[in-house]
Amino acid sequence: MEQIGLIARIVDCAAEIDQGRKWLDTEGLEATGRTSYRNGLAYAMDVFLEAHFQAAKDLASLILSEKAFITQELQFCDPSDTQTSNSLTQAIQGLDDALLALEAVDSASAYYVADMTFPHRSKYRVKGMPKDSFHIACISHRTRIGNIIRSPGINLAEKKLLAQRTANLTVAQAAYLDKQKTALAAYIIK
């Protein structure tokens, strides 16, 4: 999966969804808005499914696709909507931290040293591995999306896209857990 192409497609579908939402509320453009909105959701679903199926091979692209989507949402967000802006900004920062953790886990010796800095009590672990910024970003963002899914008034197509994004975060966390286990396997005393 080519990251630049994936991100460009994410930007395109987010823009189409946003334009559709705006036109849905514009007299005379409702039908065009509905088409744009539905096409954007379908396009986004295809792209997020592609990222989902490639997660084991290209975890960074999955995280970057989510980051690109919420970055677009932030750009389209009304500046007076500070709660949403703050939430999206925190999500972007969390995903940036997750990408740094992904870089670190690819260096087994460096990650072993990082592991020693994490408490070994269960609340700081995910299946025995450090509950680092990657896990925290996935958990936090999954919660954020879950809150959106429970909001009334969201149509089923958008809820399906939100559910796919949640599934992507779950698969990302599982793939990352495998990377952690691989990175630390050489250092685990048997």
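The values are calculated or read from the model by the stated rules, or taken from the named source; none is laboratory data. Only a predicted model underlies this, so the values are computations on that prediction, with no experimental measurement involved. Note that each Cβ is placed from the backbone with ideal geometry, even for glycine, and that neighbours are counted across all protein chains shown. Side chains are part of the model used for accessible areas, which takes the heavy atoms of the whole protein and leaves out ligands, DNA and RNA. Shrake-Rupley method; radii C 1.70, N 1.55, O 1.52, S 1.80 Å.
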statement: Of those in region 136-147 that are open to solvent by less than 70 Å² (accessible area, probe 1.4 Å) and of a type outside the set (D, E, K, R), the residue nearest to R165 (Cα to Cα) is I145
- prompt: Within region 96-116, is there a residue that is aromatic (F, W, Y), at pLDDT below 95 and over 22 Å from E158 (Cα atoms)?
  reply: yes
- request: Determine, yes or no, whether M1 is farther than 17 Å from L88 by Cβ, modelled with pLDDT under 90 and surrounded by fewer than 20 Cβ atoms within 10 Å (Cβ to Cβ).
  value: yes
task: Might you let me know whether region 46-63 holds any residue that is open to solvent by 50 Å² or more (accessible area, probe 1.4 Å) and over 22 Å from F134 (Cβ atoms)?
output: yes
- prompt: What is the number of the single condition among (1) open to solvent by 30 Å² or more (accessible area, probe 1.4 Å); (2) closer than 24 Å to I17 by Cα; (3) in contact with a Leu (Cβ under 9 Å, 6 or more places away or on another chain) that D78 does not meet?
  reply: (3)
- request: Could you list, in sequence order, all residues of region 9-28 that are open to solvent by less than 60 Å² (accessible area, probe 1.4 Å) and farther than 16 Å from Q54 by Cβ?
  value: V11, C13, A14, A15, E16, I17, D18, G20, T26
field: Scan of region 120-135 for residues that are in a helix (DSSP H, G or I) and either under 16 Å from R165 (Cα atoms) or open to solvent by less than 50 Å² (accessible area, probe 1.4 Å) (or both), ordered by number
entry: S133, F134, H135
query: Are any residues in region 103-119 more than 29 Å from L162 (Cα to Cα), open to solvent by 60 Å² or more (accessible area, probe 1.4 Å) and part of a helix (DSSP H, G or I), and if so, which ones?
result: S109, Y112, V113, M116
message: Give all pairs with beta carbons closer than 7 Å in which a residue from region 142-168 that is under 19 Å from A55 (Cα atoms) and part of a loop (DSSP other than H, G, I, E, B) meets a residue that is among the β-branched types (V, I, T) and open to solvent by less than 60 Å² (accessible area, probe 1.4 Å); count only pairs at least 6 apart in sequence or on separate chains.
response: none
message: Take the residues in region 34-45 that are free of Cβ contacts under 8 Å to residues at least 24 places away in the same chain and surrounded by 18 or more Cβ atoms within 10 Å (Cβ to Cβ); name whichever of them is nearest to the chain's Cα centre (by Cα).
response: Y37
Among residues of region 167-185, those that are surrounded by fewer than 19 Cβ atoms within 10 Å (Cβ to Cβ), more than 12 Å from L59 (Cα to Cα) and not basic (K, R), counted: 4
